[in-house]
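Taking it in order: structure first as structure tokens, then the write-up.
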């Protein structure tokens with residue numbers, strides 16, 4: 001499974017405006033609705049915020065991977081967001097988050113959902129990759145970084 005299999009270029013934003021956790025989820029959720037991958041923004045935002053109540057998906061090192069499952073989601077899909085300013089996201093290390101991967105999947109797809117989470121966290125474990133993503137100026141830059149890394153690891 002490759003990240004670009006479930007991350008459409010239409011769902012990448014390199015200059016997020018969000019200033020808090022709810023705004024991040026709404027901004028990335030809007031991308032998924034706009035590109036037709038998610039039918040009901042309000043519902044998906046609520047599912048993701050409910051998931052955050054269980055524990056922050058801010059995993060540290062400037063990364064958050066909000067994720068959830070809903071019947072309104074057609075297929076496993078993701079949105080990528082970059083915040084140049086950083087957003088307080090209650091990350092495990094208490095630091096602001098700059099790199100966001102929002103992942104949503106249809107109900108009953110636990111296997112694919114977990115594989116996708118593992119792929120994303122595997123990619124973001126690499127400090128060099130995080131640095132390259134942080135300096136991305138465009139959607140094309142983000143796609144290039146991900147594709148180069150996936151080519152190197154597969």
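The values are calculated or read from the model by the stated rules, or taken from the named source; none is laboratory data. These numbers were taken from a predicted model, which means no experiment stands behind them. Reconstructed Cβ throughout: ideal geometry from the backbone, glycine too, with neighbour counts over all protein chains shown.
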Looking at (1) at pLDDT 95 or above; (2) surrounded by fewer than 21 Cβ atoms within 10 Å (Cβ to Cβ); (3) touching a helix residue (DSSP H, G or I) at 6+ places or on another chain (Cβ under 8 Å); (4) under 27 Å from residue 151 (Cα atoms), which one does residue 64 not meet, given that it meets all the others?
(2)
Quick test of your reading of the structure: residue 95 fulfils all but one of (1) out of contact with any strand residue (DSSP E or B) (no Cβ under 6 Å at 6 or more places or on another chain); (2) at pLDDT 95 or above; (3) farther than 19 Å from residue 22 by Cα. Name the failing condition by number.
(3)
Members of region 5-32 found to be surrounded by fewer than 19 Cβ atoms within 10 Å (Cβ to Cβ), farther than 18 Å from residue 89 by Cβ and touching a helix residue (DSSP H, G or I) at 6+ places or on another chain (Cβ under 6 Å), listed by number
9
Might you let me know whether region 43-56 holds any residue that is touching a residue at least 12 places away in the same chain (Cβ under 8 Å), touching a helix residue (DSSP H, G or I) at 6+ places or on another chain (Cβ under 7 Å), buried (at least 19 other Cβ atoms within 10 Å of the Cβ) and in a strand (DSSP E or B)?
no
Among 112, 78, which is the only one that is in contact (Cβ under 8 Å) with a residue 60 or more places away in the chain, surrounded by 20 or more Cβ atoms within 10 Å (Cβ to Cβ) and touching a strand residue (DSSP E or B) at 6+ places or on another chain (Cβ under 9 Å)?
78
Any chance residue 81 is at pLDDT 95 or above, part of a loop (DSSP other than H, G, I, E, B) and either within 14 Å of the chain's Cα centre (by Cα) or more than 25 Å from residue 108 (Cβ to Cβ) (or both)
no
Inside region 92-109, can you point out the residues that are buried (at least 19 other Cβ atoms within 10 Å of the Cβ) and more than 15 Å from residue 67 (Cβ to Cβ)?
98
Given the criteria in contact with a helix residue (DSSP H, G or I) (Cβ under 8 Å, 6 or more places away or on another chain) and buried (at least 19 other Cβ atoms within 10 Å of the Cβ), does residue 37 qualify?
no
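Can you tell which of 126, 93 is more than 29 Å from residue 46 (Cα to Cα) and in contact (Cβ under 8 Å) with a residue 12 or more places away in the chain?
126
State the number of residues belonging to region 103-154 that are assigned to a loop (DSSP other than H, G, I, E, B), touching a helix residue (DSSP H, G or I) at 6+ places or on another chain (Cβ under 6 Å) and at pLDDT below 95. I'd like the intermediate steps shown before the answer.
Within region 103-154, the first condition is being assigned to a loop (DSSP other than H, G, I, E, B), and the residues that meet it are 106-109, 125-126, 135-138, 154.
This time we only want the ones that are touching a helix residue (DSSP H, G or I) at 6+ places or on another chain (Cβ under 6 Å), so: 136.
Filter again for at pLDDT below 95, leaving none.
Count: 0.
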Taking the criterion of being surrounded by fewer than 13 Cβ atoms within 10 Å (Cβ to Cβ) and closer than 14 Å to residue 81 by Cβ, would at least one residue in region 122-137 satisfy it?
no
Could you tell me which of the residues 12, 59 is assigned to a strand (DSSP E or B), under 18 Å from residue 121 (Cα atoms) and touching a strand residue (DSSP E or B) at 6+ places or on another chain (Cβ under 8 Å)?
12
